[in-house]
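Right, one structure below, let's go through it.
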Amino acid sequence: MQYPDVYGEALTDYYYTNNTENELILHTNQSETEVMPVDLFFRSENDFPDQELIALALCDGKVLDIGAGAGSHALYLQTRGMDVTALEVSAKACEIMKLRGVKSVIQEDIFSYNNGKYDTLLFLMNGIGLAESIDGLKRLFNHCKTLLNPGGQLLFDSSDISYYYDDGIQKPNHYYGEINFQYEYKGQKGKPFGWIYIDQQELIKVGNENGWVVQILDEDDHYQYLVRMELKSSF
C-alpha cells in the first residue's frame, strides 16, 4: 500500500503559509490521540531546550544529523561553520530543508545509508526512537559503527515512559517503550511506524553489550535525558 507523506506535507504547508489551522495528528497504540505542533520542527536557537543546546555544543568534526526534519539543528550547526549533513527519509522535508538553506541534504533511511564517515552522529528530538524496538536499537548501534571515524560519538536524547502506566494502563508484553505511531494530516493517514523510548538502565545494558561506552550527560524533571556514546577501544 502506498501511503502519502503527510509529515512532509505538514512541514511544507507550514513553511509556505505559517498556518497551523490544519493539525498534524499523531495516533498511537498506547495513549489518546495527540496533536503534534508543526512549528516545533521550525524552532530557532532561542527555542531549543537545554539538552539540545548541550548536544549541539558537543558536536565535533563532521556531523550527520539523522532524522533532520525541517533542518533546524543542521542550520544551527551550519551557521557556526560546522560540516553538517542532514539525513531524512521524507522527500518533502528534504525539499523544505534545502529551501531553508541547509547545504547538504540526503534523502535516505539511516539503516541503508553507508556513504561516508562522520565524527558525530546526532539524533535529537528522541531521534534514536527510529530504531523502533530493542532489537532495532542493537541493529542501529551496529550500523553506526560503520559510519563513525575513530573516536567518533553518538549524541541523542530519549525518555523513560514508564510513568505512562502509572494510572492503571496495562503494560504491553513486549518492552514498554516500544510504541506504534501513525500521522494524520488533512484527513489522510501516513504509513504506520514504530518508535522506541528507552530507559537509562536498558540503554546502558544494550550499549555495553554492543561495545559502547554510555554516558548520561543530563536529566530533566520530565524523564528526558541526554546521552553521549563512543566505542570501547576494543571495538
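Some values worked out for this structure:
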quantity	calculated
Count - residues of the range 182-232 that are under 26 Å from VAL6 (Cβ atoms), among the aromatic types (Phe, Trp, Tyr) and touching a helix residue (DSSP H, G or I) at 6+ places or on another chain (Cβ under 7 Å)	4
Criterion violated by GLU184 - all others in (1) open to solvent by 10 Å² or more (accessible area, probe 1.4 Å); (2) in contact with a strand residue (DSSP E or B) (Cβ under 9 Å, 6 or more places away or on another chain); (3) under 22 Å from GLN224 (Cα atoms) satisfied	(3)
Wholly within the range 1-74, strands (runs of 3 or more DSSP E) carrying at least 2 residues that are of a type outside the set (Val, Ile, Thr), at negative phi and touching a Cys at 6+ places or on another chain (Cβ under 8 Å)	none
Qualifying residue in the range 116-132 (condition: more than 16 Å from the chain's Cα centre (by Cα) and exposed (fewer than 15 other Cβ atoms within 10 Å of the Cβ))	yes
Residue in the range 44-62 that is open to solvent by 40 Å² or more (accessible area, probe 1.4 Å), in contact (Cβ under 8 Å) with a residue 60 or more places away in the chain and either closer than 21 Å to GLN188 by Cα or among the β-branched types (Val, Ile, Thr) (or both) present	yes
Given (1) modelled with pLDDT of 95 or more; (2) within 20 Å of THR120 (Cβ to Cβ), number of the condition LYS232 does not satisfy	(1)
Where a residue in the range 101-114 is under 24 Å from GLY81 (Cα atoms) and its partner, wherever it lies, is among the polar types (S, T, N, Q) and open to solvent by less than 60 Å² (accessible area, probe 1.4 Å), with Cβ under 7 Å and at least six apart	VAL102/GLN78; LYS103/GLN78; SER104/THR85; ILE106/THR85
Of the criteria (1) open to solvent by less than 20 Å² (accessible area, probe 1.4 Å); (2) more than 27 Å from PHE48 (Cα to Cα); (3) without any contact (Cβ under 8 Å) to a residue 40 or more places away in the chain, which one CYS144 fails	(2)
Residue tally, condition open to solvent by 10 Å² or more (accessible area, probe 1.4 Å) and in contact with a His (Cβ under 9 Å, 6 or more places away or on another chain), over the range 63-80	0
Hits in the range 207-235 (condition: in contact (Cβ under 8 Å) with a residue 40 or more places away in the chain and in a strand (DSSP E or B))	TRP212, LEU217, ASP218, GLN224, TYR225, LEU226, VAL227, ARG228, MET229, GLU230, LEU231
Neighbours by Cβ (under 7 Å, 6+ apart or cross-chain): first from the range 154-169, farther than 16 Å from GLY207 by Cβ; second open to solvent by less than 10 Å² (accessible area, probe 1.4 Å) and not aliphatic (A, V, I, L, M)	ILE161/GLY177
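The values are calculated or read from the model by the stated rules, or taken from the named source; none is laboratory data. Just so we're clear, the structure is a prediction, and the values are computed from it rather than from any experiment. Virtual Cβ from ideal backbone geometry, glycine too; neighbours counted across all protein chains shown. Note: accessible area is taken over every heavy atom of the protein model, side chains too, but ligands, DNA and RNA are not part of it. Shrake-Rupley method; radii C 1.70, N 1.55, O 1.52, S 1.80 Å.
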